[in-house]
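*Asks:* Structure below; questions to follow.
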Amino acid sequence: LSWISKIQVNQPAVLRRAEQIQARRPVKKEWQAAWLLKAVTFIDLTTLSGDDTSSNIQRLCYKAKYPIREDLLKALNMHDKGITTAAVCVYPARVCDAVKALKAAGCDIPVASVATGFPAGQTHLKTRLEEIRLAVEDGASEVDVVINRTLVLTGQWE
């Protein structure tokens with residue numbers, strides 16, 4: 001990972017590009033709804049509450065399958081498009097609940113999980129690796145990994 005410290009950024013070019021993006025006209029009228037609906041399909045609907053229960057996860061999964069009210073979708077003539085969120089994201093201990101709820105709902109929305117001592121990443125490497133393994137074993141198709149911030153700040157990339 002020593003390549004990270006060798007990355008060079010053309011800051012003036014990045015700033016110019018950021019200004020160009022900000023100056024663009026926003027999406028208007030009929031296309032605005034289409035782009036907002038598309039944005040919903042990129043969302044990982046997430047709960048990372050310490051008091052989550054299986055019933056909370058079931059409600060979250062239902063919301064992931066039906067993120068937009070049916071009457072709104074009908075008004076936009078989009079009720080038959082199967083718009084869902086991209087994934088449901090939960091703590092590793094709740095992956096099984098999410099997989100079960102999504103299967104019961106008859107949908108194939110992926111389950112994502114945070115891992116490796118989220119949010120601080122202050123656990124032993126062996127523990128973090130086991131947490132990843134268990135999340136995948138329980139059905140997570142994506143695992144968001146937290147790195148130890150102290151190691152980053154001190155440049156310890158290996």
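The values are calculated or read from the model by the stated rules, or taken from the named source; none is laboratory data. Since the model is a prediction, treat every value here as computed from it, not as a measurement. Cβ coordinates were reconstructed from backbone atoms using ideal geometry, including for glycine residues, and neighbour counts include every protein chain displayed.
Conditions (1) part of a helix (DSSP H, G or I); (2) of a type in the set (D, E, K, R); (3) touching a Leu at 6+ places or on another chain (Cβ under 9 Å), marked per residue:
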position: 37; (1), (2), (3): yes, no, yes
position: 60; (1), (2), (3): yes, no, yes
position: 68; (1), (2), (3): no, no, yes
position: 74; (1), (2), (3): yes, yes, no
position: 77; (1), (2), (3): no, no, no
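*Asks:* Quick check on residue 53: is it within 20 Å of residue 95 (Cβ to Cβ) and without any contact (Cβ under 8 Å) to a residue 40 or more places away in the chain?
*Replies:* yes
*Asks:* Go through (1) more than 17 Å from the chain's Cα centre (by Cα); (2) of a type outside the set (Ser, Thr, Tyr); (3) closer than 30 Å to residue 143 by Cβ; (4) not in a helix (DSSP H, G or I) and name the single condition residue 45 misses.
*Replies:* Exception for residue 45: condition (1).
*Asks:* Out of 135, 120, 115, which single residue is of a type outside the set (Phe, Trp, Tyr) and at pLDDT 95 or above?
*Replies:* Step by step, each of 135, 120, 115 is checked, and only 135 is of a type outside the set (Phe, Trp, Tyr) and at pLDDT 95 or above.
*Asks:* How many of the residues in segment 112-158 are in a helix (DSSP H, G or I), among the charged types (D, E, K, R) and surrounded by 17 or more Cβ atoms within 10 Å (Cβ to Cβ)?
*Replies:* From segment 112-158, those in a helix (DSSP H, G or I) are 125-137, 149-153; that's our starting set.
Now drop any that are not among the charged types (D, E, K, R), which leaves 126, 128, 130-131, 133, 137, 149.
Keeping just the survivors that are surrounded by 17 or more Cβ atoms within 10 Å (Cβ to Cβ) gives 128, 131.
Residues flagged as in a helix (DSSP H, G or I), among the charged types (D, E, K, R) and surrounded by 17 or more Cβ atoms within 10 Å (Cβ to Cβ) within segment 112-158 amount to 2.
*Asks:* Any residue at all in segment 112-127 that's of a type in the set (A, V, I, L, M), farther than 13 Å from residue 92 by Cα and either touching a Gly at 6+ places or on another chain (Cβ under 7 Å) or touching a residue at least 24 places away in the same chain (Cβ under 8 Å) (or both)?
*Replies:* yes
Let's see how each residue does on (1) exposed (fewer than 12 other Cβ atoms within 10 Å of the Cβ); (2) closer than 28 Å to residue 144 by Cα:
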site	(1), (2)
31	yes, no
37	no, yes
50	yes, yes
54	no, yes
62	no, yes
70	yes, no
75	yes, no
88	no, yes
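*Asks:* Follow-up. If residue 95 satisfies every condition in (1) more than 19 Å from residue 40 (Cα to Cα); (2) assigned to a loop (DSSP other than H, G, I, E, B); (3) among the aliphatic types (A, V, I, L, M) but one, which is the exception?
*Replies:* Answer for residue 95: the failing condition is (2).
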